[in-house]
Amino acid sequence: MNILAIGAHPDDIELQCAGTLALYAAAGHRVTIAVATNGNVGSPTLSRDEIAAVRHREQQASCDIIGARLIWMDYDDEWLMNDRPTRTRFIDAIREADPDVMFIHGQSDYHPDHRISGQVAEDARIPASVRLVETALPHIAKIPHVFYMDNPAGIGFNPEVYVDITSVYETKRLMLLCHESQDTWLRAIYGEETSITDLMRDNSKARGLAAGCKYAEGFRELKTYPRTGTFVVLPGFWT
Ligand SMILES: [Zn+2]
């Protein structure tokens, strides 16, 4: 299968679904990570262009760990908008990845870029398959199955399905560690105690407790027409 995860910022995908992506990649599926914004406000010292370049390199390094392709959409951080150019760009990201399964942000998320990214991705999944919706790339043949990702503290997000990521937890941690610039930034914004890996570990453990394993990622499913079978497409449920 082709798998596409769309995150608002560099590091979002690692926090919420890198374990699941690592399992897909290990099983031979083709994984693409699309990142909507370039993270160009995420530094207490560097210029916007400088931090964007750093974050692009960090994201590529993370993708390389599991052999994922990167689609770098390069929108300004904090200014993602739900408009026609943005939806067009998202349609092209979906057309480029041609996904069977897609992971996107949900609407209970704390960050406006996350919510906008999730909404635009959700709204782009059907037009991506429509021939006369003309963009830079031709239409694709299938409409992907969509899962919403968890948010960092799990607030307002009640997972319906879990993926046991215990066997790939270290891979997920290494992918997140590629985003070195964000550890400094998160500590500056949210307090010295909050390391990016601690945040991820605590969420993975909490979801693991709920799922009956050591570490897990939780998801909800987009339940609108057309649908495919939930468990057919998730790691751990293949038959
Ligand atoms: Zn984010």
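The values are calculated or read from the model by the stated rules, or taken from the named source; none is laboratory data. Quantities reported herein were computed from a predicted structural model and do not represent experimental measurements. Ideal geometry is used to build each Cβ from the backbone, glycine not excepted, and the neighbour counts take in all protein chains shown.
Data for the structure
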item	result
Residue in segment 44-63 that is surrounded by 18 or more Cβ atoms within 10 Å (Cβ to Cβ), part of a loop (DSSP other than H, G, I, E, B) and not aliphatic (A, V, I, L, M) present	no
Criterion: farther than 20 Å from residue 225 by Cα, at pLDDT 95 or above and away from the ligand (no atom under 16 Å from the Cβ) - qualifying residue of 150, 49	49
Segment 33-43 - residue that is touching a Phe, Trp or Tyr at 6+ places or on another chain (Cβ under 8 Å) and among the β-branched types (Val, Ile, Thr) and, of those, surrounded by the most Cβ atoms within 10 Å (Cβ to Cβ)	35
Top-ranked residue of segment 1-33 - restricted to ones that are farther than 21 Å from residue 73 by Cβ and part of a helix (DSSP H, G or I), ranked as farthest from the ligand (Cβ to nearest atom)	26
Residue 69 being more than 16 Å from the ligand (Cβ to nearest atom), modelled with pLDDT of 95 or more, more than 18 Å from residue 113 (Cβ to Cβ) and basic (Lys, Arg)	yes
Scan of segment 64-90 for residues that are under 25 Å from residue 180 (Cα atoms), crowded, with 20+ Cβ neighbours inside 10 Å and not β-branched (Val, Ile, Thr), ordered by number	68, 75, 77, 80
Strands (runs of 3 or more DSSP E) wholly inside segment 91-195 that include at least 2 residues being surrounded by fewer than 22 Cβ atoms within 10 Å (Cβ to Cβ) and under 18 Å from the mean Cα position of the chain (by Cα)	161-164
Flag for residue 14 being at pLDDT 95 or above and more than 16 Å from the chain's Cα centre (by Cα)	no
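Let's see how each residue does on (1) away from the ligand (no atom under 16 Å from the Cβ); (2) touching a Lys or Arg at 6+ places or on another chain (Cβ under 8 Å):
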| residue | (1), (2) |
| --- | --- |
| 116 | no, no |
| 123 | yes, yes |
| 127 | yes, yes |
| 131 | yes, no |
